[in-house]
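Every number in this text was worked out from the coordinates using simple rules, so none of it is lab data. Since this is a predicted model, take the numbers as computed values, not measurements. Reconstructed Cβ throughout: ideal geometry from the backbone, glycine too, with neighbour counts over all protein chains shown.
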Amino acid sequence: MRRFFPHAVLGLGAAIMLLPFYWMVLTSLRAPSEIFDISLWPIPKAFHGDANYHQAATSVPMARFMLNGVIVCAGILIVQVLTAVPAAYALAKLRFPGRRLLMMLVIGALCVPMQALALPLFVGLAKAGLLNTYFAQMVPFFLSVFAIFLFHQSFRSYPDEIIEAARMDGFTEMEICWRLVLRGSLPSLAAFAVFSVVAHWNDLYWPMIVVSDTALAPPPLGMLFFSDAETGANYGALMAGATLITAPMLVCFLLARRSFIAGITMTGVK
Amino acid sequence: MTAALALPARRPARTRTAVKGLAFAAPAILLLVAIYAVPMIVLTGFSVTDYRLGALDWHFIGLRNFADAASDPVFVRALVNTLVYAAIVIPAGVFLALGVALLVHGRRRSRAFWETAYFLPVTATLVAMATVWQFLLHPTLGPVNALITWLGFAPVSFLGNPALLIPTMALIGVWQVLGFNMVLFLAGLTAIPKDLHEAARIDGARHPIDRFLTVTWPMLGPTTMFVIVTTSISAFKVFETVAVLTKGRSGSETLLYSLYLEGFEYANTGYAAALTLIFLGIVLILSVGQTVRMERKVHY
């Protein structure tokens with residue numbers, strides 16, 4: 001009994017946590033006549049998944065939304081890594097004037113949510129005629145102070161002796177930063193990559209502000225367009241769309257579960 | 001190499017590191033200025049004007065935007081809604097996560113499974129999942145109400161009754177934040193030395209609840225603080241569920257949603273800037289203590 005009890009409680013909780021995912025996939029496979037059947041039986045009476053997914057993929061440019069999501073997330077991640085890694089390396093291993101100030105600014109900026117910067121950035125992009133571009137969707141996130149903080153914490157533990165030896169051997173500072181120090185922090189890089197991609201794939205606020213052109217919408221905005229257009233008429237297709245949009249991040253998380261959770265742990269406690 | 005030989009080379013080497021350091025940090029510094037510093041200054045500037053995006057002229061109006069916010073029934077309602085939302089999400093999101101973490105912590109073989117099951121909502125696209133919840137909570141067609149009627153209660157119109165809109169969105173908020181908090185608590189629990197529990201047992205804390213109160217709970221103090229702070233900040237940023245489920249109808253707008261409407265739908269740039277500063281002020285108050293703590297942890 002004692003051993004069984006925690007599993008029972010956890011199982012009940014997990015059932016509630018997972019119910020939306022289960023219901024989403026189940027409904028996406030059901031025929032319209034069966035949609036309002038409240039049974040949770042996993043096998044639909046008539047398999048209608050092909051029609052639902054076909055409609056979700058064709059009534060709105062779902063493939064386009066996904067591609068936009070990939071482009072935006074990849075662009076953001078690449079620039080974030082390219083700017084954060086050298087900065088974190090400099091903060092952790094190089095003495096330069098203003099280092100303390102920069103570190104303080106980084107930590108200060110961690111407290112400022114993106115939503116607080118949205119208005120001036122939006123006005124600037126509007127004035128520059130850059131709304132409805134991929135650039136506008138990516139630019140506020142080009143600098144990740146979180147990445148600088150995370151990499152800084154991880155680079156610090158890299159032994160200075162190895163860096164010194166590498167310098168003696170004629171390694172350039174760039175090579176030391178990217179090929180030695182970053183290689184020692186690959187788990188942090190993996191954790192941050194999942195973090196960044198999950199956050200930006202799922203973000204609605206900023207795309208809703210700078211994108212009005214359907215052809216440029218990332219998945220969450222596309223989902224919003226889609227559910228507005230469907231107005232509740234076809235739940236099966238709506239759930240198929242939701243599944244298509246949610247699945248990549250769930251897969252991404254399942255593949256990188258360990259490093260993602262380690263990344264979260266590193267940010268918080270200790 | 002002798003000390004005498006090494007000395008002359010030292011100064012230029014130090015200058016070179018300084019130059020390299022600045023060069024390495026330069027892209028980040030430039031972006032920090034362009035994305036954080038300049039926008040913050042511009043935002044503060046907007047907040048004391050009556051600027052509307054697209055308007056040709058604007059006037060300095062001092063703090064009138066802030067005074068207007070205080071007497072704007074929509075903004076006050078949005079603030080109250082956000083507080084109600086936070087008042088549900090923070091305690092439920094923190095204590096349920098602690099409970100789950102305590103149960104998961106004791107599992108060995110099944111730990112990875114539970115971790116994944118509870119964490120999945122954190123990674124899910126909230127826009128899509130809010131649509132799913134809308135369906136699940138449907139008064140006549142959804143399975144949740146089917147269960148409620150089966151248990152003999154009257155069906156609940158979660159998204160039809162204005163009084164239930166904010167609590168319903170808060171439940172979805174708890175659902176999404178729980179796994180994140182659980183992971184933080186699990187990390188905190190792992191950091192507690194095992195012999196502390198042994199010592200407490202020897203000192204007479206026989207019952208697990210006694211040991212929880214004497215050892216686990218005090219040791220989890222810093223983690224709990226962190227979890228409360230991050231949960232509060234994310235509660236104040238609630239946006240997606242409003243955008244999907246209600247679009248602010250029936251008086252269900254939240255802080256960020258009304259800010260979005262003023263700034264980006266109605267182009268009231270000056271007024272929205274004032275609202276943004278109020279929003280930022282709240283978030284900063286919540287996060288400042290945490291930052292000071294973090295800064296102490298960083299070694300330069």
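Listing for the model above:
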item	result
Pairwise label distance in nanometres, B:S250 with B:R108, each label 7 Å out on the Cα-Cβ vector	5.1
A:V251-B:E295 pseudo-label distance in nm [points 7 Å out on the Cα-to-Cβ vector]	4.4
Inter-chain Cβ neighbour average for residues B:258-267, partner chain, 10 Å	3
Cα-based helix-to-principal-axis angle, A:4-28 vs chain A, degrees rounded to 10	70
Inter-chain Cβ neighbour average for residues A:101-107, partner chain, 10 Å	4
Ratio of Rg to Rh over the stretch A:115-270 (Cα coordinates, Kirkwood Rh, two decimals)	1.09
Full-stretch length increase - B:V19, B:L284 - with 0.36 nm per residue and alpha-carbon distance subtracted	92.0 nm
Square roots of five times the Cα gyration tensor eigenvalues for the stretch B:244-289, Å	21, 15, 6
Packing-based ranking, highest mean first, of A:54-64, B:246-256 given that Cβ atoms within 10 Å are counted	B:246-256, A:54-64
Kirkwood Rh, angstrom, chain B [1 / mean 1/r, Cα pairs]	23.5
Order of A:M17, B:M129 under a 10 Å beta carbon neighbour criterion, fewest first	A:M17, B:M129
Shielding by other protein chains, B:99-105, mean Cβ within 10 Å	3
Residue order, fewest to most beta carbons within 10 Å, for B:K194, B:K237, A:K93	B:K194, B:K237, A:K93
Residue order, fewest to most surrounding Cβ atoms within 10 angstrom, among A:C177, A:C73, A:C252	A:C252, A:C177, A:C73
Sequence-separation-based contact order of the stretch A:61-267, relative, with Cα cut under 8 Å and 6+ spacing, percent	33
Alpha carbon Rg of the protein assembly as shown, scaled by the compact-globule rule 2.2 N^0.38 Å	1.04
Two-decimal Rg to Rh for chain A - Kirkwood Rh, Cα set	1.06
Axial C-alpha extent at least 24 Å, average Kyte-Doolittle at least -1.0 - helices from chain B (DSSP)	B:3-31, B:73-105, B:162-190, B:269-297
For B:T49, residues with placed amide H under 5 Å, excluding near neighbours	B:I61
Using alpha carbons only: equivalent-ellipsoid semi-axes of the stretch A:58-138, gyration tensor based, whole Å	32, 18, 11
Mean projection area, nm², convex hull over Cα of the stretch B:94-162	6.7
Computed Rg/Rh of the stretch B:118-251, alpha carbon atoms with Kirkwood Rh	1.13
